[in-house]
Amino acid sequence: MSVSHHVPAATAGSWSTPTALPCMQQPARMEQIEQSHQRCAALGLTRIERPDFEPLMRSDLSLARERNHRLFTHAAPVMEMLFEQIVDTESMIVLADAQGTILHSVGDDRFLERAGKVALSPGVNWAEHSKGTNAIGTALFQESPTVVHGGEHFIHANSFLTCSAAPIFDPRGNMLGVLDVTGDHRAYHQHTMGLVRMSARMIENQWLSDDFGNRLRLHFHSRAEFIGTQLEGIIVVGADGKILGANRSAIDQLDMSSAALRMHSLTSLFGTSVAAIFDHFRAPLPTPACLSLASGRQFFVNARFNGPRAMMAGMEVEAASAPGGPPNASVRAGAVAALPGAATPAPGSSLSGLHYLRTGDPQIEAVVQKVQRVLNRDIPLLILGETGTGKELLARAVHQDSNRAKQPFVAVNCASIPESLIEAELFGYEDGAFTGARRKGACGRIVQANGGTLFLDEIGDMPLSLQARLLRVLQERCVTPLGSQKSISVDIAVIGATHRNLREMIEAGTFREDLYYRLNGLVVRLPALRERRDLDIVAQRILLAECPQGTPMIAPAVAALFGGYAWPGNIRQLANVLRTAVVMAAGEAQITEHHLSDDFLEDTRRLRAPLAAPPAAHAVAGQDGAPGALTPEAAPAFGAPPAAIALPAPAPSSTPEGAAVRTLEEAEIEMIRAAVEAAQGNISVASKRLGISRNTIYRKLRWK
């Protein structure tokens, strides 16, 4: 039976060419349509069937919706986002359950009315046995994305439609339902199927995160830049290394069924173990791991773990964002809890991100206590502090402890995005909104954060022209993408951060006062590393992350060097210095000056931190009786309890009496200039040595 024989004469001329349907090779697709027609004929359906206008009774539809409430919860916001992409195109979006019953639909009013004439509406079953060949029913039968175009529908009454449907699976491969876009066959666009498939994967990924939020998840792709996008594969790993589930992209990339994948472990699949994964991602700012299949095919992998506590491969893994830790990973060894000065929760209590920011420093303790009081109160948070003090770590900890923890955390660095692109990056844009815009547009970071937390880092660097738009979004909770007339509702918690003095900027007219008061529900300041009393604990945490086995101690002479240094790059710089030292130490028991980089040693000799003497509780008299004179005989290595560690007082000033004393900012600028000179003007090299960003160097030196 040839499908073309069944095309009504009135519609045959309006068909798109075969190449307009790129969802699969045309011969294979036509063969599947032919097989579906044969199934329909075998079921006793005829091509002149009248539409069935008897949907489920209201009570039965309510029962079906209740049974699929979780599917609807995940799908509804995705459907709204998808609708924004296809609005005014004579089309609609349909969600059906695994039996083919339509649960929900959104679309253009005029087209919804037309679709209603063929009973394409909630409560009606569109499985093949009821409506013949159609994208919803045929996708359910084939368990694969399906396009049914015009007269390919078995029932003639449906031939004015073109439908693109993709099945939705749970992480174990069970069918949950179908997402479909249906429109007038004359207006079919070849990219519709791609949008539908991507949207179905978004729903699947949300379902996976919901199911396995407290399990280790590996996010991977053969190209590192695709990690974090909808194209990434995600597999869930149990404490014993067994694969528990995966998303559709993982199944496609690994080229095996969901059932076959769940027969594997990390060892049989990638030749690695849970312990090895943890070892790699304990490092501060880790790079993606590179893992290979038995066939030799390589993938770049990131690991994530958001659960409260798990015992995996003999390790205690806790969702902790410790100072100096990686901003995107929430995996830590259980030994972190045993660090000196780190508070330990009572048995059975939950382990939160905020809890593990506590390292014994009273300023950090005060910040944590303030933040905990406003959690889940819909109060904006504004974090102040120098570059590298851990503002994003605090923001992530707040998100992790909040009711939004299972929803996205989206970070936007307003200083790192070019001014010409930040508007599109934040608010999104429509297809063709500006030169160079991606086809199909982009939803923007604010919409990506819907339901979760939006972190606006370096908010003081946002162009004044965009501040009014951001204020409107925060007030109205609606976003209008560039080039669009439609607004998208968003539900977000907002955390801002900056190193700048916003009040001074308001007086100078470079920051809007109304936006400032919208952002500063609670303002907290993170102290610079040189102002904190927990340098020893922070350093030990970094070392523990770098070397979980045989963690080296810090020699007293190096401790003295660290204590007298200004740390312009703060915790980020300390992490860079220690990471290099660990490599140079190569398994030695102590980190000595010989293991520190030459440029860092030159900086420490050139400039000492102009600080007051440490509190008496932390001072140890040296042999000469001077407070803070740390000698090998008088002071232990880093890693001793805080009460026993001594950080030295700054060297006596050699400034002649009556001469002007340099401010801390002047000393910091001098150090940055010296680092740039030592790098022969190479800003990239200087930024790496200092552990601060290129933007910070330009800003501090006022270079244009």
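Out of the strands (runs of 3 or more DSSP E) lying entirely within the stretch 51-163, which hold 2 or more residues that are free of Cβ contacts under 8 Å to residues at least 60 places away in the same chain?
Working: elements: 91-97, 102-107, 146-149.
Result: 102-107.
I'd like to check something: does the stretch 12-24 contain any residue that is more than 13 Å from E128 (Cα to Cα), modelled with pLDDT of 50 or more and exposed (fewer than 15 other Cβ atoms within 10 Å of the Cβ)? First the steps, then the outcome.
Initial filter on the stretch 12-24 (more than 13 Å from E128 (Cα to Cα)): 12-24.
Restricting the remaining residues to those that are modelled with pLDDT of 50 or more gives none.
No: zero hits.
Criterion first (in a loop (DSSP other than H, G, I, E, B), in contact with a strand residue (DSSP E or B) (Cβ under 9 Å, 6 or more places away or on another chain) and not basic (K, R)) does G173 satisfy it? Steps first, please.
Values: in a loop (DSSP other than H, G, I, E, B): yes; in contact with a strand residue (DSSP E or B) (Cβ under 9 Å, 6 or more places away or on another chain): yes; not basic (K, R): yes.
So G173 passes the test.
Could you check how many residues of the stretch 365-422 are farther than 30 Å from I697 by Cα and in contact with a Pro (Cβ under 8 Å, 6 or more places away or on another chain)?
Counting residues in the stretch 365-422 that are farther than 30 Å from I697 by Cα and in contact with a Pro (Cβ under 8 Å, 6 or more places away or on another chain) gives 0.
Going by the structure shown, is I537 farther than 29 Å from G360 by Cβ and either surrounded by fewer than 21 Cβ atoms within 10 Å (Cβ to Cβ) or not assigned by TED's automatic domain parsing to the domain that holds A586 (or both)?
On the way: farther than 29 Å from G360 by Cβ: no; either surrounded by fewer than 21 Cβ atoms within 10 Å (Cβ to Cβ) or not assigned by TED's automatic domain parsing to the domain that holds A586 (or both): yes.
Taking the combined requirement at face value, the residue does not satisfy it.
If only one of I379, I383 is in contact with a strand residue (DSSP E or B) (Cβ under 6 Å, 6 or more places away or on another chain), at pLDDT 90 or above, outside any helix (DSSP H, G or I) and within 17 Å of F455 (Cβ to Cβ), which one is it? It would help to see each step written out before you state the result.
Working: I379 fails: at pLDDT 90 or above.
After ruling out the rest, the residue left standing is I383.
Kindly list the number of the only condition in (1) touching a Ser or Thr at 6+ places or on another chain (Cβ under 6 Å); (2) closer than 30 Å to A442 by Cα that fails for L519.
(1)
Those residues that are surrounded by fewer than 13 Cβ atoms within 10 Å (Cβ to Cβ) and in contact with a strand residue (DSSP E or B) (Cβ under 7 Å, 6 or more places away or on another chain), I need them from the stretch 250-270; list them, please.
none
Pick from L543, L526: which is at pLDDT 90 or above and surrounded by 18 or more Cβ atoms within 10 Å (Cβ to Cβ)? Walk me through it before giving the result.
Details: L543 fails: at pLDDT 90 or above.
Checking each option against the conditions leaves just L526.
Might you let me know whether the stretch 251-266 holds any residue that is part of a helix (DSSP H, G or I) and over 25 Å from M198 (Cβ atoms)?
Step one: of the stretch 251-266, the residues part of a helix (DSSP H, G or I) are 251-254, 258-261, 266.
Now narrow it down to the ones that are over 25 Å from M198 (Cβ atoms): 266.
Yes, the stretch 251-266 has at least one match.
Only one residue in A200, A165 is within 24 Å of Q38 (Cα to Cα), in contact with a Leu (Cβ under 9 Å, 6 or more places away or on another chain) and at pLDDT 90 or above. Which one?
Values: A200 fails: within 24 Å of Q38 (Cα to Cα).
Step by step, each of A200, A165 is checked, and only A165 is within 24 Å of Q38 (Cα to Cα), in contact with a Leu (Cβ under 9 Å, 6 or more places away or on another chain) and at pLDDT 90 or above.
Please find, within the stretch 86-98, the residue that is farthest from S144 (Cα to Cα) out of those that are surrounded by fewer than 19 Cβ atoms within 10 Å (Cβ to Cβ) and either in contact with a helix residue (DSSP H, G or I) (Cβ under 8 Å, 6 or more places away or on another chain) or charged (D, E, K, R) (or both).
Going through the stretch 86-98, the residues surrounded by fewer than 19 Cβ atoms within 10 Å (Cβ to Cβ) turn out to be 87-90, 98.
Among the residues that remain, those that are also either in contact with a helix residue (DSSP H, G or I) (Cβ under 8 Å, 6 or more places away or on another chain) or charged (D, E, K, R) (or both) are: 88-90, 98.
On the way: D88: 28, T89: 25, E90: 25, A98: 13 Å.
Residue satisfying both the conditions and the ranking: D88.
The values are calculated or read from the model by the stated rules, or taken from the named source; none is laboratory data. Note that the structure is predicted; figures quoted are calculated from it, not measured. Please note: Cβ atoms are built from the backbone with ideal geometry, for glycine as well, and neighbour counts cover all protein chains shown.
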